[in-house]
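*Asks:* Dropping a structure here in structure tokens format, bear with me for questions.
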Amino acid sequence: MHDPISTAKQQVRKLVLAAFDEAKLEGALPDFPMPDFAVDLPAETSHGDFAVNAALVSAKPFSMSPRDIAQALFERIKLADSLFSKAEIAGPGFLNFFTDSRFCSDVVLQILREKDGYGRTDTLHGEKIMVEFVSANPTGPMHLGNARGGALGDCLASVLETAGARVTREFYVNDAGNQIEKFACSLEARYLQLYKDDIPFPEDGYQGEDITRRAEEFAEINGDSYLSAAPQARRDALVAYALPANIEQLRHDLETYRIHYDVWFRESSLYESGLVNKVLGILKDKGATYENDGAIWYKATDYGAEKDEVLVRSNGIPTYFAADIAYHYDKFAVRGFERVINVWGADHHGHVSRLKGAMNAIGLDGSKLDVVLMQLVRLVRDGEPVRMSKRTGKAITLTDLLEEIPIDAARFFFNLREPKSHFEFDLDLAVKESSDNPVYYVQYAHARICSILKNLDAQGYETDNFDGCDLSLLCEPDELALIKHLAKLPFEITAAACEYDPARITRYTVELAGMFHRFYTSCRVKDCEADLCLARTALCRATKQVVANCLALLKINAPESM
RNA sequence: GUCUUUGUAGCUCAGUUGGAUAGAGCGUCCGCCUCCUAAGCGGAAGGCCAGCGGUUCGAAUCCGCUCAAGGACACCA
């Protein structure tokens, strides 16, 4: 529950502000408030562990040169009893702070103590958050966009949990509305085609083989008994069979992908509970609707939109938009989520402001809804783009993908980049079980550590009890770099949670693996002096713990051997 | 046309919210196993941060315009 980086940053800030107050009292600096300044982690190790730009940002208001301000502050900074052993003025006026060896020792001890709890913070204070993701249409199998959305949403939820939120993972089942109608007509055509020639397939129907397969399954159970049934009854029966089967398939495929939902929320339940009508009533009472051409419209233009939207079609059936407003009413007003995050494909971006506006219109706070827009995936094989339209039926499905590449690789790759990046998924690379593939690089680090510990253990070395271990012996550059990176995990979790970017953790893990491999190459654990050996064993164990914690969060296996 | 995302090494991408000499992986070239896993490590080459202006101590990052690519603009979801 403790973040070493944030703690150190706060201490730096306090030290600088105390020095500033003293300098003001002594007349060395003018009696102005200190402007906001940053405490950064420099990329360059020679710039110390924490860099402060206070002197640069205050140069103008103080009408002084940055170096002079830095000097005045530097002379009054008291490092006694702090986490730092040294401060210095550098470059145009930065104040750089160097951590004491105690900082690194404490980090290793903290990890060994907190074990799989290391990385957790209370940043979000138990906030009740829903993450709704994938929510693929139950009219067919999932595609690669769902694969990305799944890995992203699931890991985002994990990151929020690790940052202290109470998170619900939810799948919105679109089991009502137009696409179900289309689904029914497609199934009906396939069913009839089993028995008759010259049955036309609907022009806008779902052409996937899965539809044909469901129709065949239905025929195996019911035979031709529905040939003579009334069309509506026939379609209802087909949907009553195929829809639950499809939903079960979605659930199964997602479980295979290691995604487990807390709630499967059905769109149809919004009609059954009357919530859609209730929300339409609220909008009407607020005067936010009007009638035109037999349809009920929502005055979106009153709430910042460019044009109005249909809520109820002239045929009396509410639109998806109406149901979505009701759905979000349910999320906030009925179930009391403090924050809701929806992971959507970027092709839905136009819907974001409309929905938020409508939430405001019915008295909710649209700013509590955050939508993570994810750019769609472009699949590439042999350097050629692969089309993935559901309607062509030639789509690569999530299931196809997972048969072709390991789940570890899929989850890793789909979480390697920011949601908003235009993603090019190289199938050939993901399939490769070689060092080109970064997931193996990370897993190998874990396996390597396990192997070291196993060897030490077999030879009678202590690998689990580090009482009295002198961790200050860890002072090689590669050791310090590794420990300082270990220290960043809680900070990275917080950043990933705040920025809705779980890919930060994947990248952090790759960097961590690299630092371990470097440490491994330059520092031998075995065959060195006993105290140093014990300290390095402790560092190995701590590193193993952090790699394992990250991979657990991403739901990627951490192998003991490879 | 309007809105939106993106443009950084040959390729795929980072860049800690405006900081110091712009980084990593892959690919290319050159090295490193008598030794805890070489699925590893080190080094070299590779850049007008799409372009032009602006804001200030300081810009890949912020604000305009231009160019290029993806996406959205339904009584679909």
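*Asks:* Out of all the residues in the range A:490-503, is one or more near RNA strand B (Cβ under 8 Å from one of its atoms), among the hydroxyl-bearing types (S, T, Y), assigned to a helix (DSSP H, G or I) and surrounded by 14 or more Cβ atoms within 10 Å (Cβ to Cβ)?
*Replies:* no
*Asks:* Now, a different point. Out of curiosity, is A:L453 buried (at least 18 other Cβ atoms within 10 Å of the Cβ), at pLDDT 95 or above and over 22 Å from A:D3 (Cα atoms)?
*Replies:* Values: buried (at least 18 other Cβ atoms within 10 Å of the Cβ): yes; at pLDDT 95 or above: yes; over 22 Å from A:D3 (Cα atoms): yes.
Yes: the conditions hold for A:L453.
*Asks:* Which of the residues belonging to the range A:512-562 are acidic (D, E) and within 27 Å of A:A151 (Cα to Cα)?
*Replies:* Within the range A:512-562, just A:E560 meets the criteria.
*Asks:* Could you list, in sequence order, all residues of the range A:392-431 that are among the aliphatic types (A, V, I, L, M) and open to solvent by 20 Å² or more (accessible area, probe 1.4 Å)? Explain how you work it out, then say what you get.
*Replies:* Going through the range A:392-431, the residues among the aliphatic types (A, V, I, L, M) turn out to be A:395-396, A:398, A:401-402, A:405, A:407, A:409-410, A:416, A:427, A:429-431.
Those that are among the aliphatic types (A, V, I, L, M) and open to solvent by 20 Å² or more (accessible area, probe 1.4 Å): A:A395, A:I396, A:L402, A:I407, A:L416, A:L429, A:V431.
*Asks:* How many residues does the range A:174-188 hold that are more than 16 Å from A:E267 (Cα to Cα) and either of a type in the set (A, V, I, L, M, F, W, C) or within 6 Å of RNA strand B (Cβ to nearest atom) (or both)?
*Replies:* 3
*Asks:* Restricting attention to the range A:420-458, which residues are under 19 Å from the mean Cα position of the chain (by Cα) and either within 9 Å of RNA strand B (Cβ to nearest atom) or free of Cβ contacts under 8 Å to residues at least 60 places away in the same chain (or both)?
*Replies:* A:K420, A:S421, A:H422, A:F423, A:E424, A:F425, A:P438
*Asks:* Moving to a separate point now. Across the range A:142-199, what is the total count of residues that are open to solvent by 30 Å² or more (accessible area, probe 1.4 Å), in contact (Cβ under 8 Å) with a residue 40 or more places away in the chain and assigned to a helix (DSSP H, G or I)?
*Replies:* Residues flagged as open to solvent by 30 Å² or more (accessible area, probe 1.4 Å), in contact (Cβ under 8 Å) with a residue 40 or more places away in the chain and assigned to a helix (DSSP H, G or I) within the range A:142-199 amount to 4.
Listed here are the residues, each with its yes/no results for (1) farther than 30 Å from A:E255 by Cα; (2) at pLDDT below 95; (3) small (G, A, S).
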{"residue": "A:D464", "(1), (2), (3)": "yes, yes, no"}
{"residue": "A:P477", "(1), (2), (3)": "yes, yes, no"}
{"residue": "A:S522", "(1), (2), (3)": "yes, yes, yes"}
{"residue": "A:R536", "(1), (2), (3)": "yes, no, no"}
{"residue": "A:L539", "(1), (2), (3)": "yes, no, no"}
{"residue": "A:V546", "(1), (2), (3)": "no, no, no"}
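*Asks:* In this structure, does A:S353 turn out to be of a type in the set (S, T, Y), away from RNA strand B (no atom under 16 Å from the Cβ) and open to solvent by 60 Å² or more (accessible area, probe 1.4 Å)? Write out each step before concluding.
*Replies:* Numbers: of a type in the set (S, T, Y): yes; away from RNA strand B (no atom under 16 Å from the Cβ): no; open to solvent by 60 Å² or more (accessible area, probe 1.4 Å): yes.
For A:S353, the condition - of a type in the set (S, T, Y), away from RNA strand B (no atom under 16 Å from the Cβ) and open to solvent by 60 Å² or more (accessible area, probe 1.4 Å) - is not met.
*Asks:* Then there is this: What do you reckon, is A:G345 within 8 Å of RNA strand B (Cβ to nearest atom), within 26 Å of A:A151 (Cα to Cα) and in contact (Cβ under 8 Å) with a residue 12 or more places away in the chain?
*Replies:* Working: within 8 Å of RNA strand B (Cβ to nearest atom): yes; within 26 Å of A:A151 (Cα to Cα): yes; in contact (Cβ under 8 Å) with a residue 12 or more places away in the chain: yes.
Yes: the conditions hold for A:G345.
*Asks:* Taking A:A358 and the conditions (1) closer than 21 Å to A:G274 by Cβ; (2) away from RNA strand B (no atom under 11 Å from the Cβ); (3) outside any helix (DSSP H, G or I); (4) small (G, A, S), which numbered condition does it fall short on, given that it satisfies the others?
*Replies:* If we test A:A358 against (1) closer than 21 Å to A:G274 by Cβ; (2) away from RNA strand B (no atom under 11 Å from the Cβ); (3) outside any helix (DSSP H, G or I); (4) small (G, A, S), just (3) comes out false.
*Asks:* For the range A:285-315, give me the residue count where each residue is outside any strand (DSSP E or B), open to solvent by 40 Å² or more (accessible area, probe 1.4 Å) and either more than 9 Å from RNA strand B (Cβ to nearest atom) or at negative phi (or both).
*Replies:* 12
*Asks:* Does the range A:24-48 hold any residues that are part of a loop (DSSP other than H, G, I, E, B) and exposed (fewer than 11 other Cβ atoms within 10 Å of the Cβ), and which are they?
*Replies:* Matches in the range A:24-48: A:G27, A:D31, A:P33, A:D36, A:A43, A:E44.
The values are calculated or read from the model by the stated rules, or taken from the named source; none is laboratory data. Predicted model only: the values in this text are computed from it and were never measured. No Cβ is skipped: glycine too gets one built from the backbone with ideal geometry, and neighbour counts run over all protein chains shown. Calculation scope for accessible area: heavy atoms of the full protein, side chains included, ligands and nucleic acids excluded. Shrake-Rupley method; radii C 1.70, N 1.55, O 1.52, S 1.80 Å.
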